[in-house]
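Peer 1: I'd like to ask some things about the structure below.
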Amino acid sequence: MKSFSQFMQSIQSELDNTHTRRASDKAKKTASVFYFAYAHNTDTETFTKFCPDAKFIATGELHGFEMHFEEYANIRMNHDASTYGVVWKISSKYLKNLDGYEALHKDYNRIPVEVDVKGKAVPCVAYIMDPAFEAKEMHRKPTNDYVQAVAI
């Protein structure tokens, strides 16, 4: 049988563990990520609909990828190319909004990339078209409205 002191210590230990777990969960919810945007997600008005706390960090260059259009914009690996875009800082809680918008694991996949911002490599996430979705979209041209939205 536990003594009263041991009983109280076990309760305190469980409370400490709960507090640590909650603090960790809160930190995860408030953590930020850098996101490399190309095409229409470079537009502040468009992008902040999904990530209202987004903060513009800088423009950057993603080496080794080229922007390509099917029905929608995509980046493809090409060691001789670069894609220019915007680096946003967003809170992790809005990353799910972005995943939904990009139809994660259906239309696009999220990948880690390093973006050159004024000569400094900044770790970011970016979205690249899923190969199955790309194959389906390969012969479709973007609409004029989409091209205009990207060109702005």
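The values are calculated or read from the model by the stated rules, or taken from the named source; none is laboratory data. All of these numbers come straight from a predicted model, not from anything done at the bench. Reconstructed Cβ throughout: ideal geometry from the backbone, glycine too, with neighbour counts over all protein chains shown. The accessibility values were calculated without ligands, DNA or RNA, using every heavy atom of the protein model including side chains. Shrake-Rupley method; radii C 1.70, N 1.55, O 1.52, S 1.80 Å.
Peer 1: Any idea what diffusion coefficient region 77-152 gets from Stokes-Einstein, in µm²/s, Kirkwood Rh on alpha carbon pairs, 25 °C, 0.890 mPa s?
Peer 2: For these conditions, the coefficient is 169 µm²/s.
Peer 1: Too long at a 29 Å Cα-Cα cut-off: which of 89/136; 96/136; 55/120?
Peer 2: Table pairs above 29 Å Cα-Cα are 89/136.
Peer 1: Okay, next question. What accessible area, in Å² to the nearest ten, does a 1.4 Å probe give for residue 49?
Peer 2: 150
Peer 1: Would you please give the FRET efficiency between residue 46 and residue 120, computed as 1/(1 + (r/R0)^6) with r the Cβ-Cβ distance and R0 = 41 Å, to the nearest 0.05?
Peer 2: 0.95
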